[in-house]
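What follows is a set of notes on a single structure, which appears directly below.
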Amino acid sequence: MKRSLLIIVFVGMCASASFATVINPPDWRGSVGSTYQEWDFSTSDTSPISDDYNNPYGTPEVDTSISGDWYAESHGHQGLWDALSINLSVPADTTTTNDIKYQIQMVWLGLSSSPVELSLYVWDELNSASAVEAVIIEDESILDFWNYTTFEVTTSAFDSTPLLYYEAEITSISRIIPVFVDKIVVDAIIVPEPASLLLFGAGLVLLGRRNGKVRVH
C-alpha cells in the first residue's frame, strides 16, 4: 500500500525575503532508510511529480490535482502556486513497523496584514485521531514578505496513505486564505527501534569492557 505524508499547515504572515534555495537540509539526508523529494512547481502541471527526488519506494507526486492559480513569475519568484492546499504523496517503506521522521521545508508567501497562526500536523489518511503536531525548528523571514519555514515531526507507521497538506488561516477572524508556494521539500527517514538502539548500546559497553581489560601475568 502506498504511504505518504499528511500535513496541515496554517501559514503565518511574516516579513520575508526572496529566497529560492533550501538552506537547512537534515544531516541524515542520504542515510540508509531515508528519502528526499522536492517540488519547485516550475510548470503549470496540476499533478506534477517531484522535480528532484531520491526515493526507492516510489515516485513522489501531487496526490490530488492542484486547484488554484499558477504563475510563471510573481512577487519576485518564478514558478509558484497560489492555492488553498496542495496534497503531496511521499512513498515510504510499507514493510517497516518503525516510526518515520519527517523534515518539511516550505518557501511561501501569505498576503495578509493580520496575524495568522502557523501549525502543522501529520496523520493517517483514514484515521484523523492519529494526528501528530509538528515542531517548527526554523522560521526565517526573507525579503519581500516571503518566508522560509522548516518543520519536523515523527509519526508511527501508518496503515494507510498519509498526505502533505497545507492551509493558511487568519486566526483573528478564522478565515482560510490562499498562500503562494514557491518550494516544498520533504525529507523522511526510518527511525531505529528502541530495541535496536539498546542492542547497539550493549555492544558498545561490551567493547569498552574488552578494551579496558587488565592482563594478569
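Quick check on I190: is it at pLDDT 90 or above and either buried (at least 18 other Cβ atoms within 10 Å of the Cβ) or in contact with a Ser or Thr (Cβ under 9 Å, 6 or more places away or on another chain) (or both)?
Working: at pLDDT 90 or above: yes; either buried (at least 18 other Cβ atoms within 10 Å of the Cβ) or in contact with a Ser or Thr (Cβ under 9 Å, 6 or more places away or on another chain) (or both): yes.
Yes: the conditions hold for I190.
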| Does L164 qualify as being under 23 Å from D40 (Cβ atoms), at pLDDT below 90 and among the aliphatic types (A, V, I, L, M)? | yes
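Every residue, every condition in (1) assigned to a strand (DSSP E or B); (2) more than 26 Å from T64 (Cβ to Cβ); (3) at pLDDT 85 or above, yes or no:
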site	(1), (2), (3)
A168	yes, no, no
V185	yes, no, yes
L198	no, yes, no
V216	no, yes, no
| query | Can we say D52 is under 13 Å from K183 (Cα atoms) and either among the β-branched types (V, I, T) or at pLDDT 90 or above (or both)? | reply | yes
| remark: A72 fails exactly one of (1) of a type outside the set (F, W, Y); (2) at pLDDT below 85; (3) exposed (fewer than 15 other Cβ atoms within 10 Å of the Cβ), namely (2)
| Could you say which residue among D99, D69 is in contact with a strand residue (DSSP E or B) (Cβ under 8 Å, 6 or more places away or on another chain), among the charged types (D, E, K, R) and more than 21 Å from F151 (Cβ to Cβ)? | D69
| message | Please go through the range 42-59 and give me each residue that is closer than 21 Å to W81 by Cα, in contact with a Pro (Cβ under 7 Å, 6 or more places away or on another chain) and crowded, with 17+ Cβ neighbours inside 10 Å, ordered by number. | response | S50, Y53
| task | Residue by residue through the range 22-51, note down the ones that are touching a Leu at 6+ places or on another chain (Cβ under 9 Å), assigned to a strand (DSSP E or B) and polar (S, T, N, Q). | result | Q37
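From the list L88, L84, L109, which residue is touching a His at 6+ places or on another chain (Cβ under 7 Å) and modelled with pLDDT under 90?
Details: L88 fails: touching a His at 6+ places or on another chain (Cβ under 7 Å); L84 fails: touching a His at 6+ places or on another chain (Cβ under 7 Å).
Within the list L88, L84, L109, the selection yields L109.
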| message | What's the number of the only condition in (1) buried (at least 17 other Cβ atoms within 10 Å of the Cβ); (2) of a type in the set (D, E, K, R); (3) under 24 Å from I136 (Cα atoms) that D99 fails to meet? | response | (1)
| message | Residues that are of a type outside the set (S, T, Y) and under 23 Å from D27 (Cα atoms): list the strands (runs of 3 or more DSSP E) wholly contained in the range 52-133 that include at least 1 such residues. | response | 52-54, 100-109, 120-124, 127-133
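Just to verify a result, which residue in the range 19-46, among those that are out of contact with any strand residue (DSSP E or B) (no Cβ under 6 Å at 6 or more places or on another chain) and of a type outside the set (A, V, I, L, M), is modelled with the lowest pLDDT? Working first, answer last.
Of the residues in the range 19-46, the ones out of contact with any strand residue (DSSP E or B) (no Cβ under 6 Å at 6 or more places or on another chain) are 20-21, 23, 25, 27, 30-32, 43, 45-46.
After this cut, where a residue has to be of a type outside the set (A, V, I, L, M) as well, the list is 21, 25, 27, 30-31, 43, 45-46.
Working: T21: 52, P25: 88, D27: 94, G30: 93, S31: 93, T43: 95, D45: 96, T46: 95.
Only one residue fits best here, namely T21.
The values are calculated or read from the model by the stated rules, or taken from the named source; none is laboratory data. If you're wondering where the values come from, they're calculated on a predicted model, not measured in any experiment. For neighbour counting, all protein chains shown are included, and Cβ atoms are generated from backbone atoms with ideal geometry for every residue, glycine included.
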